[in-house]
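Inspection log for the structure reproduced underneath, given as structure tokens.
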Amino acid sequence: MKKLSSTLIISILVISVILGSSLAALAAEKKVVINSYMADPAPKKTLKQLVERFEEEHPDFEVTINTYPHEDYKTLIRTWLPSKKASPDIVTWFAGERANTFVDKDLMMPLDDIWGEGKGFEDYFPRAFKSISQFEGTTYFLPQSWYWYGFWYRKSVFRELNLEEPITWNQFLNVCEKLKENGYTPITIGSKFRWTAAAYFDYFNLRLNGADFHMKLMNGEVKYTNPKVKDVFEKWKVLLDKGYFIDNHTSYSWQEGAKFLFNKEAGMYLMGQFIQDVVSDEEVKEDLGFFRFPIMDASVPIAEETPTDGFMIPKNAPHPEAAKEFMHYLATKQSQWFFAENLNRIAANKNIEHEKYGPLVQKGLRMINRSDKVTQFYDRDTKPAMADKAMDQIVKFMVKPDQIDQIVEAMEAQRKKVFE
């Protein structure tokens, strides 16, 4: 056998190095890193299982999930996105103004090429979702699931006291009084993280003044010193003056606040459908019911909060093409149904038959379908700088309800600073 020439050996080595580098580069392109706020056990497990299903179908992919506590995540994401070294490929985030804030700062990647040949956003999602997912005609946010808000209660407690789900405000006050007379704290809340209190501000404003007024307020077009806004706090103050909320609520997270409901120490909890994520006892889970925030003025069109969660790709994502492939998977009917089925969410994908949902979810769907308008949430509908200072004042009101004038003046000063 002839010996290989040194030139040929060198050529083979060079080709091997180039080929190896190309294969390594190709493998690197199939990596996807997801930073997630889904830290509660149920959604964390479901996302992990969803990724495992994807990897089984796409063995050339390697998907890593980094999970962070929900409240910490809201701060950390602002450090990841501008960084070319620390940016993940995909982030979990919120629709509407929360998403638009990052789009305005040119920190997110357009998604208009992820749908598949000949398809677009409306092949997957209702047209109405465009308003919270697209900005200046370009899609940046992939909606995955949404949920409704309501007053949650233990059905066994209501049966014990012969209580019915209240529809009007006076009926609601009567339920609160009956609960209190029988040794229950009428309403639990954990306001350590401020958004739980902001839900009350939203709902009082929606019920008293309507969604149009509410969104003008969120957009900085209405003064917080407006008498209609002060009326929101006055009506809310009634519940505080009557002692209907648990004590020391600023010490509790929303999950800790939920335990007062689960343990039958409190009668009701205004919370999103995701309250079911933190119920470990199946018997308690089966005992939970909900009703819509009571009607305060029959002449005001009914609006409900329907926060929408989903995913975005940072502009600095190290593996953008692989991220887009995974995002397409997240948009599909089978992927969205897997998530919705496991967590009792309502999938954003419009092609899932409503009959597939369980009775509780179908009740939530009926409630939303019978509403005139929907909104996202206080800190998702207004500018972050406005929400940050205003929610401080909202929690302050729950502790010092006699300071309404000072509170609305402080909120108005922030409105001027942010919007004017």
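The values are calculated or read from the model by the stated rules, or taken from the named source; none is laboratory data. Note that the coordinates shown come from a computational prediction; the quantities given were computed from them, not determined experimentally. All Cβ positions, even for glycine, are placed from backbone atoms using ideal geometry, and neighbour counts span all protein chains on display. The area values use the complete protein model at the heavy-atom level, side chains included, leaving out ligands, DNA and RNA. Shrake-Rupley method; radii C 1.70, N 1.55, O 1.52, S 1.80 Å.
Numerical summary
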read-out: Residue within the stretch 285-299 that is in a helix (DSSP H, G or I) and not assigned by TED's automatic domain parsing to the domain that holds Val91 present; value: yes
read-out: Unique match (being over 19 Å from the mean Cα position of the chain (by Cα), assigned by TED's automatic domain parsing to the domain that holds Pro126 and either open to solvent by 70 Å² or more (accessible area, probe 1.4 Å) or modelled with pLDDT under 95 (or both)) among Lys396, Lys333, Lys400; value: Lys333
read-out: Subset of the stretch 238-264 [over 15 Å from Phe172 (Cα atoms) and over 27 Å from the mean Cα position of the chain (by Cα)]; value: Asp241
read-out: In the stretch 179-219, residue nearest to the chain's Cα centre (by Cα) [restricted to those that are open to solvent by 10 Å² or more (accessible area, probe 1.4 Å) and closer than 20 Å to Pro384 by Cβ]; value: Trp195
read-out: Residue in the stretch 97-118 that is of a type outside the set (A, V, I, L, M), within 17 Å of Glu325 (Cβ to Cβ), in the same structural domain as Lys44 (by TED's automatic domain parsing) and without any contact (Cβ under 8 Å) to a residue 12 or more places away in the chain present; value: yes
read-out: Extreme residue, nearest to Glu341 (Cα to Cα), among residues of the stretch 352-376 that are in contact with a strand residue (DSSP E or B) (Cβ under 9 Å, 6 or more places away or on another chain) and charged (D, E, K, R); value: Lys363
read-out: Residue in the stretch 295-305 that is nearest to Tyr357 (Cα to Cα), counting only those that are open to solvent by 10 Å² or more (accessible area, probe 1.4 Å) and in contact with a Ser or Thr (Cβ under 9 Å, 6 or more places away or on another chain); value: Ile302
read-out: Any chance Lys264 is in the same structural domain as Cys176 (by TED's automatic domain parsing), within 20 Å of Lys180 (Cα to Cα) and open to solvent by 10 Å² or more (accessible area, probe 1.4 Å); value: yes
read-out: Every pair of residues 6+ apart whose Cβ atoms lie under 9 Å, when the first sits in the stretch 171-189 and is closer than 19 Å to Gly257 by Cβ and assigned by TED's automatic domain parsing to the domain that holds Phe260 while the second is open to solvent by 70 Å² or more (accessible area, probe 1.4 Å) and among the basic types (Lys, Arg); value: Cys176/Lys242; Lys180/Lys242; Tyr184/Lys178; Tyr184/Lys264; Pro186/Lys178; Pro186/Lys180; Pro186/Lys242; Thr188/Lys259
read-out: Residue in the stretch 63-73 that is touching a residue at least 24 places away in the same chain (Cβ under 8 Å), out of contact with any Phe, Trp or Tyr (no Cβ under 9 Å at 6 or more places or on another chain) and either more than 20 Å from Ile313 (Cβ to Cβ) or in a loop (DSSP other than H, G, I, E, B) (or both) present; value: no
read-out: Selected residue (criterion: most open to solvent (accessible area, probe 1.4 Å)) from residues of the stretch 37-68 that are over 15 Å from the mean Cα position of the chain (by Cα) and of a type in the set (Lys, Arg); value: Lys45
